[in-house]
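In what follows, a structure is listed as structure tokens, so that the remarks can point back to it.
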Amino acid sequence: MKAVIYHAFSHKEAKDHHVQELGTQRAEAFVRAFLKQSIPHMSQQDCESHLQRKAVILEYFTRLKPKPRPKKKSKGLSAKQRRELRLFDIKPEQQRYSLFLPLHELWKQYIRDLCNGLKPDTQPQMIQAKLLKADLHGAVISVTKSKCPSYVGVTGILLQETKHVFKIITKEDHLKVIPKQNCVFTVEIDDFISYIYGSKFQLRASERSAKKFKSKGTIDL
């Protein structure tokens, strides 16, 4: 392979070898191509006129970054879909009172911590106010009064609470659905008994914490 040696020509040698003309042609070709790329919206004639000027202002194009696509928020299931899928149904083999006794023990400890120990000198009004806003899942509740006599005396562990009903599992392993309307319930813990008037208690468990309950002397069913 032959080695290529580069050396400088004098002005006379460059003229003899036409190096100057070749370099000029290459320079002009490069400038035309550069202008065409830098100013794409201009015609060839306008580019030629730009070459006759002393200063050529090139345009600067900023590359716009593609906007990130907004992430789609996953929508939860509607109440109708949850009912159709029967997500909150308790299976027959799970309807056993003994299965939920540990839940009741956890609930009692939760209420003791909520009421600062349930001491004998604790005011009943304070316990009542705490229970009205507390989570009752796991509590043992009883129906003491009702316009429907068949509900009176039903006692069990509260498994589910909705806006209008309590679902209770009895010691006989029967799942009872008790409406809150026209019923009075009692909740007992460490010799403290609290009364709940279902007609005034028609709220979801998550909504009770922000609810302000007014104390009333007598409440009819």
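Could you state the number of Å between the C-alpha centres of the stretch 123-142 and the stretch 162-181? Comparing the Cα centres of the stretch 162-181 and the stretch 123-142, I get a distance of 17 Å.
Here the 3J(HN,Hα) profile of the stretch 128-140, calculated from phi with Karplus coefficients 6.51, -1.76 and 1.60 at θ = phi - 60°, is 4, 5, 5, 5, 5, 9, 7, 7, 9, 5, x, 6, 8 Hz, Gly and Pro shown as x.
Sorting 167, 67, 133 by the number of Cβ atoms found within 10 Å of their own Cβ, with the fewest placed first, yields 67, 133, 167.
Which of the three applies to the stretch 107-180, rounded, prolate or oblate, going by the alpha-carbon gyration tensor with a ≥ b ≥ c and a/c under 1.5 meaning rounded? Prolate, since a/c reaches 1.5 and a/b exceeds b/c. For the pair residue 121 and residue 45, the difference between a 0.36 nm per residue extended length and the Cα-Cα distance amounts to 17.2 nm. Counting charges near residue 112 (Lys, Arg +1; Asp, Glu -1) among other residues having Cβ under 13 Å from its Cβ returns a value of -1. Packing around the peptides 137-149, 89-101, taken as the average count of other Cβ atoms within 10 Å per residue, puts them in this order, highest first: 137-149, 89-101. Counting Lys and Arg as +1 and Asp and Glu as -1 over every other residue whose Cβ lies under 13 Å from the Cβ of residue 99, the net charge comes to 0. Residues 111, 178 in ascending order of nearby Cβ atoms (within 10 Å, fewest first): 178, 111.
Note that the stretch 103-120 has calculated 3J(HN,Hα) couplings of 5, 5, 5, 5, 5, 4, 5, 5, 5, 4, 5, 5, 9, 6, x, 6, 6, x Hz, one per residue in order, obtained from phi through the Karplus relation 6.51 cos²θ - 1.76 cosθ + 1.60 (θ = phi - 60°); glycine and proline are x.
Electrostatic tally near residue 204: other residues with Cβ closer than 12 Å to its Cβ, Lys and Arg +1, Asp and Glu -1, net +1.
No lab work stands behind these numbers, since they all come straight from the coordinates. All of these numbers come straight from a predicted model, not from anything done at the bench. Positions of Cβ are backbone-derived with ideal geometry, glycine not excepted, and every protein chain shown enters the neighbour counts.
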